[in-house]
Each structure stands twice: as C-alpha cells, then as structure tokens.
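Following: one structure in structure tokens, then a few remarks.
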Amino acid sequence: MFSPAGGVELLIEGSPIPASADLARMRRARGERLQTELESQGLDGLVLLGTSAVAYATGARLPGLDSGRAALVRPVAVVIRGEARPQLFTPFPGGAPPELPEDRVHGGVVADTEEGAADLVDMLHAWFPAGARLGADELSHPLAAALSDWDVVSASAVMGASKLRKTPDEVACIRTAQRINEMAMSTVVGELRPGLRQVDLTATFLRRIHELGATSNGIDPIWQVMPPSRGDGPWTTHGDIAFPTSTSDRFLREGDVIWVDTGIHYEGYASDFGRTWLVGADPRPTERQRRQFERWTTVVDAVRAGCKPGVSALELGRAAISANGGTKPWIDHFYLGHGVGTDSAEMPLVGTDLGERFDERLVMQPGMVLVLEPVIWDEGASGYRAEDVLVITDDGWAPLSDHDYWPFDSTPAAAP
Amino acid sequence: MTSVGSRLGVGARPEGGGVDFDRLRADRRRRVFDAMAAADLDALVLGRPANVAFVSGARQLWTAGARPFGPTCVVVAGTARVHLLSVWDEGVPPEIEHADLYGLSWNPANLLRSLSGISGLQAARRVGTDGLSPGFPQFLAAAAPSAEIVDATTALRSVRDVKSADEIACIATAAAIAESALATMMSALRPGVSERELVARYVEHISRLGAPTPPSEAAVSVTPRRGRVDPPGVASSRTAAGGDLVVLDPGAMYAGYEAGMGRTSLVPGGHQRSRQAELLERARRQLAAVVASCRPGATGADVRAAWADAGGTLAPMPIVHGLGLGAEAPVVTSMLGSDEVLRAGMVVSAQVWVTEEGIGGCLERDTVLVDDGGPVALTRSARDSAMSSS
C-alpha cells in the first residue's frame, strides 16, 4: 500500500490507495461511473472526440501527438448506455486495452470530411435509435451535420461528474506519473548550469521520461526566465506576470531565476511538476529569495492544513490569502490550485474567475486531486513558484508529489 | 521549384536570406483575408492551433493531443484585424497589437465579454469556425447575435493546401531535422535496444537541434516475428533482436511546419534474413509507386490505385496526407478520399505499411512536394545502407 505517512493506510471511500494501479479494475470502475451518470442524467450514450475524454472512456493508450495529427485521424470513444464496454476508434490499435474485444476496436475517424463523418455515423445507427439523446464533447462541422438524427447535448456534465473524484487506482496512476516526472527532473537539475539553452534541458527531460516509461509527454517543458519586476517581463492583458511562456533556444545565464513546469502522462493520467530553480555555478538563494520560499511554504502549509472532505474551495483560497498577509498568492489568469486526471488541469479549480460563489459550492470530497501552485511575487526580486500534488482522503489529505525544493531547502538528490 | 538548399539551417544569418518570417506571415494573412472575401465570411472563430498559427503567426505553447474547440483566435474581415487569446505579447508578432489580445478566462461570461469587445464581430452575418461543441452556437449567438455559423474548413484548406516558397523552405528544414534524427536512431539500433530507448534518442536529438516538439511520439516499432504486428504506437520496453525488422519513423517541426520520414531496418544478426529483406523490398516498391503517383491533378483514387497496383492491401494509416503546419488534409486512405485532388505546391506524407505474420512489419514514408514537374521527395536517406551493411 502507498502510505507516505509511515504505515498509516490512506483510504478513499474506505479503499486503500494501491502502490501501483490495477489497470483493468480502474477501467471497469470508470465505465461504471459513466454508466451511472448516463442513467441519472438521462442520456443514451456518448460520442467523445477529445483526446483526454477518449483516454478516460476507453483506457486506450495514445502516444503524444501534435494537435494537427491528433485531429486528422481521430481516436473516438462511443459509450452506449447499458453496455459496460465502450466502442473504440483508434489509429493505434496496439493501444487498445487487452480486455476490449476486437469487434469493439475500429480504425481512427476522419471527422473533418463528410465521408469520414458518415462512416462513423453509419456505425452509430446500429447502436442508437433515431432521436436518442447523445452527449458529445467536440464536433467537426460534417459530424455535427451527420448527427442530425439524434438529440446531441453536451457531454460535460457526465464527464465532469465521473472524473471529479478519482478511484484509488486512478490516484495510483497519477502518483506513478508524478514519480516519473520527478525522476526526470532530478536528472535535468543535475545538468543545470549557465550556458545551456532551454531546449537543452528539454532534451534531457524528454529522453528521461521515455526511458522511465512515460506513456507520453504532455506539454513542451517550460523553463521560463523570470524578470525581477513585472515591467521587465512581457506585456500582459491584466498587468500581472506572464506565465507560462514557450520555450526556445534562449540561453540560461548566471543568476537567472527560472520557473520550471513540466507534465507527462502515464496510462492516460497527467503529472504536474513545478519548481523555482536558480542558474549559477554555485546557486544559492539570497536572503530575500529564501523569504519568498518560506512564504510559499507557509501558504501551502495553510492550505494543506485545511484539506479534508467538506471544506470548500473558497475556504482553501481564503486560507492561502490569509497566510500571504491578505494578498492573493496566485497569478491573475490562473488559480491557487487545480485538479489533475486525464486532463492536466481539470476540476476542482480553486480561485479562478469562476468566482467566489462557484468556489463556495465546490466542496472537497475523498478522491479529489489538487495541484497547489501558489505564486509568491516579490516585485523587484522576482518570485517563488512551485507545485505540489495531493489527494483528499477520507479523513484529510495525502501527498502525491515527493520532491525537494533545491536550491532553497537543500542540495539536490543525486540524479538517478 | 525554388531551390531551398541554401536555407536549411535554424539560425539567423547576418546577411539575411534564410526564411523571411515577416514575409511568410504577411503572405499567409493576406491569403486568409482573400479566402474570407471569396467565401463571404465576415469573421472567423478559430480553435485549432495550426489554423491559429497560420493566420496569427503566434508561437503558441505546445501541448500533446487535440485541443478542445474554443475561440482562440477571431479574424474580422471588416476591420482586417486578427484577435488572439493570449495573456502576454511574448511569441506574438508585431502586426498583432496589444489591443488585439484578449485574456484567458475560465468563466464563459468573461470570455464572452472579451469577444463582445472585438470590433466588427457583433454585426457579423456569416461566421466561419473550424470546429464546434454542443454549446457553442448559443455562446456565439451572444457575441454575434445575427450570425450564421458556417464551416470554414473549405476556406481554410484553400489557403493552407498550396505552399509558398517560404513555407516549403520551412518544411525542407523540418525534413533535414527528421533526417538527422533518423541517422541518430539508426546508429543506436543494435540487438538489445528497446523501443523506449530509441524514442528517447529521437526526442533528445530533435530538442538539441532546437525543435523539441515531435509531430508524433509513435516513431518506433520493434516488429515481432510472432503474433499480430502493429505499426508504431506507444513505445514499449520490447527490445530488438538480431533479424528483427525495426521501424524508425521520426518527424520534426520547424516554425510549426512538419516533415517526417520512415525507414525500416533489419537488425544485424539472427535468422530469416531473406524473407524479411523481401518484405522490406515490397514496402519500398509500394512507397516508390505512391510517391510517383503524387502529381498535380492526381486524385485520391489515382494514388490508391498506384498503391494497390504495387501490391498495397493493408492501410491502418493514410496512404497520403497533407503536411504543412502539422499534419493536415487531404487524407487518402484505403477507403476514403477518392475525390481529393493533389495540386502543385502541396506537400504530402506518403507512407506504406506491409506486414506478414512470422516475419514482421515495414513502414516506409517520405515527405513529398507535389511539384509542377512531378513529385519531389523532400526527405533523403542512404536508404539501402542498413541492408547492405548488415
């Protein structure tokens, strides 16, 4: 069992979080949740085109693809009410889960042409009578037109309700994704020195995640050099700092403060790694930088202290603001924290522009996963940002990330 | 065809003469506005990253997988302006001004407020989009009450299909990066190497060359000599043994433009060499036939017939698809795309897959410019070296 607190079993709705996921059990549990939501929301099925939604509904393993390629010949999931197993359309048949019968695995869908949309819709006719109520996430124009025999509504309520609370197996996948991500970042930080370019760090990171068994990369890794003051950074629509900006061949130089942010997928589940690193021959934080880090720790500790079932997102946000002396410790266009699952940022979102009333009604429940990413901005001396991942358990929370805060707390662990 | 050889590098040069990105962006933007006029579109609302990149020229944060449709970019014909969802101006070209940027919102009401501030959208009659979601028509109705939503795919294809000389130079540069990646992967190919190690080599190499986003991580398959053989997918810990056919299929992106090439090699050592060499020869013949068919005016049916005449029977992936700002239309598979027509100036990925149980599988792929005089392969390799040296 996974028990970082030292022998104490961590439970989600009475079930322990396993050290590694039982993938078949996980897929079965997700299928049951989707069926429960279809039933309670009165839908007859789902037609899902979104990459993360297909991964959730089918368990299909998909390589990391550029968005154009991912939309050209699409993976599609069709969930039929009353049938435990989905229909999977995929250009990667080798990634279909082993328990899915071959007659439920089909080629990928060319959804952008009338011909391709018609092919998919021909099959839907065999599964759904005219007039059936289908949930969809994403449609091409030809597909929208070809679906006119059915009542097509948004799938987001079904998907949202199913994904919000993770099963213990899902939590184990997130934990594994996070561990691969952390190990890769340990290798990268071991190589960090002035004179490298951002893309050099990316090279090492991408090599390591594949060696370590990531299913795919999730995002072009961020190694953003932070300016001392907001005015020294890029212009922004809101006047707050710009983050995260894209990586290039920018050189990293002595004294640079970099905010790193990387994410990978393992069996469909995303990790999220954020830290502040210093570039230098012998990088040591100044007193002022050390205080930024202490402030960040204070904020995160205050939020974690409040993390348990029944607490609202609004209360967590207020705990963070209070620990930061009354100032909101996160970037204007983001959040204090966000969920992670088959999407790298999903519900629960804490502290967004959805507003206080939304946050007040968003109550923590066992199985919710939170990536906490407060930002301590110290105008004139840049700032500290890091991300840590936790899961709400039956009686509190448990960490899903386990990584040092080099060079703010200690020397880095030896690279594996 | 314009010669692109002297431009094949990723760095700027003091004398100029590399890809002129200012010219490239201005040309793309002009083509989009012309196409909007031709299709009687008052506005475009775009969500696909490649379409957004095409019209805006912005360097966007790369994430894996298809992006959910949403209004990332709004193009207004009447004002000739391109509006972009971007909180900051880094990565945004100068022709898009601060006033043209709108911020990230989690709250649809705030996004709607941003769109409502875009001059000319409110009065639009015909708005073209490159995708839909079930709630989008109602959402857009609030920002553009009198607008009819139409499919912008045809208009966008009309500007993206045929490449300018600058675009071809970008694709050729991506081709050179892919070739470099293939060489690195081939040098690592030996008994005992795993799919994961080969993919790791690949992504590390393209990152060091400054092009860290692979078009696809499905770039390796150590094809088994027993049981079902699948084309490349998620890399596994399966290792190559002497006599295995191993598919190496790297791509690369330069300034958003994609190229790629696939080659299958026989791992030195082991048995059954002649049967595997014969399978590989079949794949090469098929690819040569497909490439030769990529002429201006050829239809999807023509390409498929050329492939079938050369013995093609199995196509789990397109036989031909377009390349530009990533993989794009047209798509010709063993079933679909008969009526697609190749035009001079298109660039396509031509690929074949042959497999036989007990032997393995072969994927061969080239990036091909459909030129006035006939097909021109933009990817090159000493394609027989692995066979002759093993």
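Each value in this text was obtained by applying a stated rule to the coordinates, not by laboratory testing. Model, not experiment: these values are computed from the prediction. Note: ideal-geometry Cβ built from the backbone for every residue, glycine included; neighbour counts use all protein chains shown.
Here is how the numbers come out for the structure above:
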item	result
Acute angle (nearest 10 degrees) that the helix A:23-41 long axis makes with the longest principal axis of chain A, alpha-carbon atoms	70
Share, in percent, of DSSP beta bridges within chain A that are antiparallel, nearest 5	80
Karplus 3J(HN,Hα) series, Hz, for the range A:95-107 with 6.51 cos²θ - 1.76 cosθ + 1.60 (x for Gly, Pro)	x, 5, x, x, 7, 7, x, 4, 6, 9, 10, 10, x
Helix-derived mean residue ellipticity, 222 nm - over chain A, DSSP H n ≥ 4, -39500 (n - 2.57), to 500	-10000 deg cm²/dmol
Candidate lysines for bridging to residue A:308, where Cα separation is under 20 Å - those fewer than 8 sequence places away on the same chain excluded	A:163, A:166
Phi to ³J(HN,Hα) by Karplus 6.51 cos²θ - 1.76 cosθ + 1.60 over the range A:393-402, Hz, x for Gly, Pro	9, 4, 10, x, 8, 9, x, 10, 10, 8
Sum of side-chain charges, residue B:357 neighbourhood, beta-carbon under 9 Å (Lys, Arg +1; Asp, Glu -1)	+2
Evaluated over chain B, the Cα radius of gyration and Dmax, each in Å	22.5, 71
Expected 222 nm ellipticity per residue - DSSP helices of 4 or more, -39500 (n - 2.57), all of chain B, to 500	-10000 deg cm²/dmol
Inter-chain shielding of A:207-215 (mean C-beta neighbours from other protein chains, 10 Å cut-off)	6
For the range B:281-390, size of Cβ-based charge dipole, Lys and Arg +1, Asp and Glu -1, in debye	160
Unit Cα scatterers, Debye sum, the protein assembly as shown: log10 I(q)/I(0) for q = 0.06, 0.07 Å⁻¹	-0.36, -0.50
The range B:281-326 versus the range A:193-209: alpha-carbon centroid distance in Å	38
Other-chain or far-sequence residues with amide H under 5 Å of residue A:197's (modelled H)	A:252
In sequence order, calculated HN-Hα J values of the range B:128-141 (Karplus, 6.51, -1.76, 1.60; Hz; x Gly/Pro)	x, 10, 9, x, 8, 9, x, x, 5, x, 5, 4, 5, 4
Nearest 10 degrees, 0 to 90: helix A:313-323 Cα axis against chain A principal axis	10
5 angstrom amide H check on residue A:109, placed H, neighbours 5+ away	A:74, A:76
Between helix A:287-306 and chain A: long-axis angle, C-alpha atoms, 0 to 90°, nearest 10	40
Top of A:33, A:357, A:253 by mean-square fluctuation, Gaussian network on chain A, Cα under 10 Å	A:357
Relative contact order, percent, the range B:5-159 [alpha-carbon distance under 8 Å, six or more residues apart]	23
Local electrostatic count at residue B:36 - Lys and Arg +1, Asp and Glu -1, tallied over other residues with Cβ under 14 Å	+4
Amide H contacts under 5 Å for residue B:256, placed H, 5+ residues apart	none
Between the range B:359-374 and the range A:232-272, the Cα center-to-center distance that results, in Å	37
Proximal charge balance of residue B:114 [Cβ under 15 Å; K/R count +1, D/E count -1]	-1
Overall form of the range A:11-163 per C-alpha gyration tensor (a/c, 1.5; a/b vs b/c)	oblate
Highest to lowest packing among B:70-82, A:9-21, A:263-275, scored as the average C-beta count within 10 Å	A:263-275, B:70-82, A:9-21
Anisotropy class of the range A:168-399 from Cα gyration tensor, a/c 1.5 cut	oblate
Packing-based ranking, highest mean first, of A:311-318, B:233-240 given that Cβ atoms within 10 Å are counted	A:311-318, B:233-240
Dipole magnitude of the protein assembly as shown about its Cα centre (Cβ charges: Lys, Arg +1; Asp, Glu -1), debye to nearest 20	1100
Neighbouring partner chain Cβ atoms per residue of A:141-152, average, 10 Å criterion	2
Chain A - Debye-derived log10 I(q)/I(0), Cα point model, q = 0.09, 0.10 Å⁻¹	-0.59, -0.72
